[in-house]
Amino acid sequence: MEYEAVMNSKLLTLRSPVADWVNDDMHRTKVLDRFGIDSCCGGQVPLDEACRIKGLDPEQVVKAMQEDSVPVEAASGAEQDWANSLSGMVDHLESTHHAYLKNLMAELPPLMDKVIAAHSARHSALHTLKERVDMLWADLGPHMMKEERVLFPMIRRLDQGDGSGGGHCGGINNPIRVMMHEHSRAAGILDEIRQLTNQYSVPEDGCASWGLLVEKLRGLEEDLLLHMYKENEIVFPAALEVEGFMAGEGH
C-alpha cells in the first residue's frame, strides 16, 4: 500500500521514516502517540517497522492519520509561519510550548494532590504516578532554563550572522546533543505516565477531578511530543546547518 502524499518531491510510503510522515503534517504526532509510536526520538524508523514493533497494522495507522489530518489551508498563520527564521523558531518554542509547560507546572500539583487524597487508599498506583510526574517536572524545569539561557540565545546569534552562535567548545552541537538526550529521557517518562493512567482513562470510582487530571496529562504528552519533535527534527538541524555553512564561509 502507498499513501500518495508528496513532500519535498518524495512519495510517502509505509517504508518512509516516521519523521517524514510528521513533516507532512505535524498534527500526526497526536495520532501516532495514540498508537504508542515514537515520533519524537524514534522518527527515523520506517513507519511499517515502527508498527511491527508495536504489533500494529500499518494500514490502520495510515487510515487514522488520514482521518485526523489537518489541511494546510486550515492551519493557523502562526503555525505556518513559525519556522521562517531561526529566531522565529525559538521565539515560537518559548511563547507557545515553554509557556504552556510552565502554566501546567503550576496547575498540576494541587490537582494531583487532591486526587491522591481522595483515591489513593483504593488506587495506590497514584503515588507512583505522582513520582513520575514530579520526575518529569524536575527534568523539564532545568531543561527549559538551559534552552532559554544558553542554547536559544546561541541560535538567535546565528540568525544575526554570528557563525559561532557566540558559543565555544564545539559551538551549538554540544548543547543540542545534551537537549536531545534529555528529550529521550522525557519521552520515556511520558510512556510510563501513559501506562500508569491506563492510556489516560478514569476508573469507575474516579471523580471529576481525576478526569480533569488525566485530560491535563494527555494534553501534556501531546504538546510535549510535538514540542520535542519541532526541536529535534526542525529547529536543531536548521541551526546546525546554518552554523556549518557559516563555518565553511570562514575558510
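Does region 7-20 contain any residue that is of a type in the set (Gly, Ala, Ser), in contact with a strand residue (DSSP E or B) (Cβ under 9 Å, 6 or more places away or on another chain) and at pLDDT below 85? Quick ask: steps written out before the conclusion?
Filtering region 7-20 down to residues of a type in the set (Gly, Ala, Ser) leaves 9, 16, 19.
Of the ones still in play, those that are also in contact with a strand residue (DSSP E or B) (Cβ under 9 Å, 6 or more places away or on another chain) are 16.
After this cut, where a residue has to be at pLDDT below 85 as well, the list is none.
The answer is no, given that none of the residues of region 7-20 is of a type in the set (Gly, Ala, Ser), in contact with a strand residue (DSSP E or B) (Cβ under 9 Å, 6 or more places away or on another chain) and at pLDDT below 85.
Take the residues of region 67-110 that are under 15 Å from Ile155 (Cα atoms) and more than 15 Å from the chain's Cα centre (by Cα): which is modelled with the lowest pLDDT?
We begin by selecting, within region 67-110, every residue under 15 Å from Ile155 (Cα atoms); these are 82-94.
Cutting the leftovers down to more than 15 Å from the chain's Cα centre (by Cα) gives us 82-88, 91.
Numbers: Trp82: 77, Ala83: 73, Asn84: 83, Ser85: 90, Leu86: 94, Ser87: 94, Gly88: 93, Asp91: 95.
Going through the qualifying residues, I end up with Ala83.
Cβ-Cβ under 9 Å, sequence separation 6+ or interchain: first residue in region 176-189 and farther than 14 Å from Leu136 by Cα, partner surrounded by fewer than 14 Cβ atoms within 10 Å (Cβ to Cβ). Which pairs?
Arg177/Gly170
In this structure, is His143 assigned to a loop (DSSP other than H, G, I, E, B), surrounded by 15 or more Cβ atoms within 10 Å (Cβ to Cβ) and not basic (Lys, Arg)?
No.
Do we find a residue being loosely packed, with under 14 Cβ neighbours inside 10 Å and either modelled with pLDDT of 95 or more or assigned by TED's automatic domain parsing to the domain that holds Phe35 (or both) anywhere in region 159-176? Steps first, answer last, please.
Taking region 159-176 as the starting set, the residues that turn out to be loosely packed, with under 14 Cβ neighbours inside 10 Å are 160-161, 168-170, 174.
Cutting the leftovers down to either modelled with pLDDT of 95 or more or assigned by TED's automatic domain parsing to the domain that holds Phe35 (or both) gives us none.
Looking through region 159-176, none of the residues is loosely packed, with under 14 Cβ neighbours inside 10 Å and either modelled with pLDDT of 95 or more or assigned by TED's automatic domain parsing to the domain that holds Phe35 (or both).
Find all pairs meeting these conditions: Cβ atoms under 9 angstrom apart; at least six residues apart or on different chains; first residue within region 25-52 and aromatic (Phe, Trp, Tyr); second residue part of a helix (DSSP H, G or I) and at pLDDT 80 or above.
Cβ pairs passing all conditions: Phe35/Ala50; Phe35/Cys51; Phe35/Lys54; Phe35/Gln60; Phe35/Val61; Phe35/Ala64.
Whether any residue in region 205-228 is of a type in the set (A, V, I, L, M, F, W, C), farther than 30 Å from Ser124 by Cβ and part of a helix (DSSP H, G or I) is what I want to check. Walk me through how you get there before you give the answer.
First, pick out the residues of region 205-228 that are of a type in the set (A, V, I, L, M, F, W, C): 207-208, 210, 212-214, 217, 220, 224-226, 228.
If we keep only those that are farther than 30 Å from Ser124 by Cβ too, we end up with 226, 228.
Filter again for part of a helix (DSSP H, G or I), leaving 226, 228.
Checked against the condition, which is being of a type in the set (A, V, I, L, M, F, W, C), farther than 30 Å from Ser124 by Cβ and part of a helix (DSSP H, G or I), region 205-228 yields at least one hit.
What are the residues in region 108-131 that are exposed (fewer than 12 other Cβ atoms within 10 Å of the Cβ) and either of a type in the set (Lys, Arg) or touching a residue at least 24 places away in the same chain (Cβ under 8 Å) (or both), if any?
Arg122
The values are calculated or read from the model by the stated rules, or taken from the named source; none is laboratory data. The model shown is predicted, which means the values in this text are computed figures rather than measured ones. We place every Cβ from the backbone using ideal geometry, glycine too, and count neighbours over all the protein chains shown.
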